[in-house]
Each structure stands twice: as C-alpha cells, then as structure tokens.
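The values are calculated or read from the model by the stated rules, or taken from the named source; none is laboratory data. All figures in this text were calculated on a predicted structure; none of them were measured in a lab. Glycine also receives a Cβ, built like all others from the backbone with ideal geometry; neighbour counts cover every protein chain displayed. Ligands, DNA and RNA are stripped out before the accessible areas are found, and what is left, the full protein with its side chains, is counted by its heavy atoms. Shrake-Rupley method; radii C 1.70, N 1.55, O 1.52, S 1.80 Å.
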Amino acid sequence: MEDQVDEESLIVQLRTAFLQQNLEPFDSRDVSKIRNDDRAVLAYLKNCRFNLEKAFNMMTESLKWRKSFGVNDINKESFSPDLLTDPYLYFKGYGKHGEPLLIWDIRRHKKNNTTVNAEMKKLMPLLLDRREGAKDYKKVIMLFNMSGCGLSNIDYDFIKYLISLLTEYYPDILDNLLVFEMPRLLSAAWTIIKNMLDEDSRDAIKFVNKSDVLEYVEKDQLPISLGGTNEVAATNVMENEFQSLVDKKQTSPRRTQSTTSSDSKTSPDKNMSPLQVTPHDTLTFSVQQSNAESLPQAIKMVNNREVQVAYKVKTTAPEHYRVKPTVGIIEPGQECEVSVQLTPGSAVTASRDRFLVQCTEITSPFKGDITEYWRSVEQGKVTEHRLRCKVVMNGVPSKRKLII
C-alpha cells in the first residue's frame, strides 16, 4: 500500500521555499499565481511524484522560462492572420474522459519556415495557458497527426520543444501524446526523437492508427481527417474570444449592416440577415444546482432566402457547452435547430459567456464538406448574430459570482 501524501503540507512547503528566494528572475504575474493558487503549486509536486527538491527545481526553471519567453505577453498581435484563421495546431474534440484534444497537423509544418515556426512556438503556450486556467481543468491529449508526412515535415528541434512544454513547463497537463498514422519511413526519425527524451516523456508517447486511437477518443470526437465524424471547425483561443485579426479588419459599415450588437434587444432585420434566429438575444439554461448539467436548449434558425444558407455556431467558452451541430446548411424556406447544453460545473460563470451565429448565402447548390467551405468564405459576406447566456437555478437567475 502506497504511503499517504499530505498534499496540503507539501504545497505550503514548496510555496514557502519558492517565495523566499530572489524573485527578480520571474514574472510578477507568475509569482502571484504561485502565491495564491494551490492547484498551480500542486501540479509541480504531482509531476515530480511529491519530491520537494525536484518540484522546487522544476518550478524555478519553468517560471524563469516563462519570463524569458514572454509567455504572459503573448496576444493576438503576436500572430499572422493566416495562422489564426486556418490553424494547424488547435483544440478540437475530447477524449473518452473529457480530456481536451490538442491536434498538430504535422504535414503542414515545414521545418525551414522559420517565421511561421516562431509563431507556432508562441501559439502552443498560449493554448496551454488557456487550458491550464480553465475552471473545468482536465489534462490534455496531444495528437501528432503524421498522416501523409514526409522527411521535410520532421523538425527535431520543434518536436522536442513541444514535448518539453508538455512535460517540463506545463506540469501535470499531459495525459497522453498520441502519434497518429506514422509512416514507416519515419520510424528511424522517431527513434532519434525518443532518445532525446527522459523516461517519463517516452512513456507518455503512444503510436496509434485509426483503430487504436479509438481507445482514447470516441469516433464522434475525432475530426473526419483522422477517421472520425467530428465536423466542428478547428478552433484556437483567438477565435473562441471573437478577437481574431480578421475581426479587427472588418469595416464599421459592414458590421452595422450585417451584425446584431450583443447589447441589442431586437432581432436582426429579415431583409438584412439570411436567417431568422431564435432566441433573439439571450440563451437561457435551467439547472437544479451549480454542478449539474442543464436541460438542452435550442438555437432555432429559419432560412428566409431563396438560396441555401450555411451557418456556423461558436462560443466564447467551448469547453463549457455541448453544441450539436455546430455547422450546416439550411435549404430555402427550411429551419434548423442547434442543441446547446451546459456541462456540469459550468453554471457559475455561464453569464459571462456568449454565442455567435454566423451565416452566409450559398449562391450555387452545394453538397460538399461544409467545414471546408467555411474556410473560403469572404468575411464581407458573413452575417453575425450574438447571444448572451443566462442561467436559471431552481427558478432563480444565478448571480455573476466568482467562487474561489
């Protein structure tokens, strides 16, 4: 029988040891997190199997790196529009136990493209920071999609960097690292990579194909490109917050004509929007208690055009909701309902969340991949409808209250 660990006592000891040293090499925002967040301290202890000395050294090196790399200052201006609108490092779907699935499409990576790769090195910690700070925190499954890769895609330094992030700088965040459909000609390359890693990092790596991956991720959570049925568009942190550089480039006249303000109490003019969206401005969820799952709610859309209309539904907090379907096509004069359900434990902060319904007319009959179609849509042809979220708990609207 394993010895019992006094986590509370070890957290205090590690925090005290860290705060007693010279704090100049660290970002004050990270120091504040160590001072106030038990979970952040516990992550280092768990990673080091509750060895205080190892945890102290790991915390020290990790936070020095964060300051030197400028992690806390990475924002949307750090990236090119192309990387934000068509990312190849992104969260999409969940593992069997609710672990967020972080996918890297390696065949789109070119090791000699130094400019893009420098941006990718910034995107990874930004995505991991967002997950690490989520209230419904779960470990991440990282999936290296190697289908169709060649030697030109294998970047030893970059792969080692990603694995270092997951195993050293973001302790207790990696559940499994899945290497998907690795071509045989790259076996020797992966032998070299594995020899660069420590034993724990090597143990986290699993080589899987379309059959094996189902041990970790259900088929409806896997992207179609990986043999699954998940049609949800790839998302990154910028898109989730409605703050992409593309949004910034939209002109005021177009936004005035085609969007409904999140503060507006009126529905979009039918002559201006291809879809009539219900509810008009607020999506209300009913829960029995704060940690319970809500009853499914519906976003109803009616196509009032004589052509097909494509739609896409996004939210500022995708980890808090189950949304089906998120993309689709509505035929002329027809209607569609999107089911939205609040996940357990998300009720407390739901009043801060927003939904965005985007739609665009399709002038020629379309029967292809609607997710791919959205990648080529011009922003000037997109109409937007924004919805607030509200929670009714046992018949009483919940207050916006942060529980610490």
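So which residues in region 154-207 are open to solvent by 30 Å² or more (accessible area, probe 1.4 Å), among the aliphatic types (A, V, I, L, M) and in a helix (DSSP H, G or I), if there are any at all?
Leu185, Ala188, Ile192, Met196
Looking at region 313-362, which of its residues are outside any loop (DSSP other than H, G, I, E, B), acidic (Asp, Glu) and over 17 Å from the mean Cα position of the chain (by Cα)? Steps first, please.
Filtering region 313-362 for residues outside any loop (DSSP other than H, G, I, E, B) gives 313-315, 318-324, 327-330, 335-342, 350-352, 354-362.
Going one step further and asking which of them are acidic (Asp, Glu), we end up with 319, 335, 337, 361.
Glu335, Glu337, Glu361, listed by residue number.
Looking only at residues in region 132-146 that are modelled with pLDDT under 90 and part of a loop (DSSP other than H, G, I, E, B), which one is least open to solvent (accessible area, probe 1.4 Å)?
Filtering region 132-146 for residues modelled with pLDDT under 90 gives 132-139.
Pick out the ones that are also part of a loop (DSSP other than H, G, I, E, B) and you get 133-139.
Numbers: Gly133: 56, Ala134: 8, Lys135: 127, Asp136: 47, Tyr137: 55, Lys138: 88, Lys139: 74 Å².
In this case the residue turns out to be Ala134.
With respect to Glu372, is the statement that it is closer than 19 Å to Asp86 by Cβ, acidic (Asp, Glu), assigned to a helix (DSSP H, G or I) and modelled with pLDDT under 85 true? Working first, answer last.
Numbers: closer than 19 Å to Asp86 by Cβ: yes; acidic (Asp, Glu): yes; assigned to a helix (DSSP H, G or I): yes; modelled with pLDDT under 85: yes.
So Glu372 passes the test.
For region 283-308, how many residues meet the condition of being free of Cβ contacts under 8 Å to residues at least 60 places away in the same chain, over 14 Å from Ser339 (Cα atoms) and surrounded by 13 or more Cβ atoms within 10 Å (Cβ to Cβ)?
7
Could you count how many residues in region 101-130 are open to solvent by 10 Å² or more (accessible area, probe 1.4 Å) and part of a helix (DSSP H, G or I)? I'd like the intermediate steps shown before the answer.
Taking region 101-130 and keeping what is open to solvent by 10 Å² or more (accessible area, probe 1.4 Å), we get 105, 107-108, 110-119, 121-122, 126, 129-130.
Of the ones still in play, those that are also part of a helix (DSSP H, G or I) are 107-108, 114-119, 121-122, 126, 129-130.
The qualifying residues number 13.
Conditions tested, residue by residue: (1) among the small types (Gly, Ala, Ser); (2) farther than 25 Å from Asp155 by Cα.
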site	(1), (2)
Ser32	yes, yes
Val41	no, yes
Cys48	no, yes
Leu52	no, yes
Leu63	no, yes
Ser78	yes, no
Pro81	no, no
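Go through region 140-176 and give me each residue that's of a type outside the set (A, V, I, L, M) and closer than 16 Å to Asp200 by Cα.
Here is the first cut: in region 140-176, the residues of a type outside the set (A, V, I, L, M) are 144-145, 147-150, 152-153, 155-158, 160-161, 164, 167-172, 175-176.
Lys160, Tyr161, Ser164, Thr167, Glu168, Tyr169, Tyr170, Pro171, Asp172, Asp175, Asn176 - these are the residues of region 140-176 that are of a type outside the set (A, V, I, L, M) and closer than 16 Å to Asp200 by Cα.
Filter region 272-312 down to residues that are of a type outside the set (A, V, I, L, M), out of contact with any helix residue (DSSP H, G or I) (no Cβ under 9 Å at 6 or more places or on another chain) and assigned to a loop (DSSP other than H, G, I, E, B), then give me how many there are.
Counting residues in region 272-312 that are of a type outside the set (A, V, I, L, M), out of contact with any helix residue (DSSP H, G or I) (no Cβ under 9 Å at 6 or more places or on another chain) and assigned to a loop (DSSP other than H, G, I, E, B) gives 13.
As an exercise: evaluate Thr360 against (1) of a type in the set (Ser, Thr, Tyr); (2) modelled with pLDDT of 90 or more; (3) under 22 Å from Gly93 (Cβ atoms); (4) surrounded by 16 or more Cβ atoms within 10 Å (Cβ to Cβ) and give the number of the one condition it does not meet.
(3)
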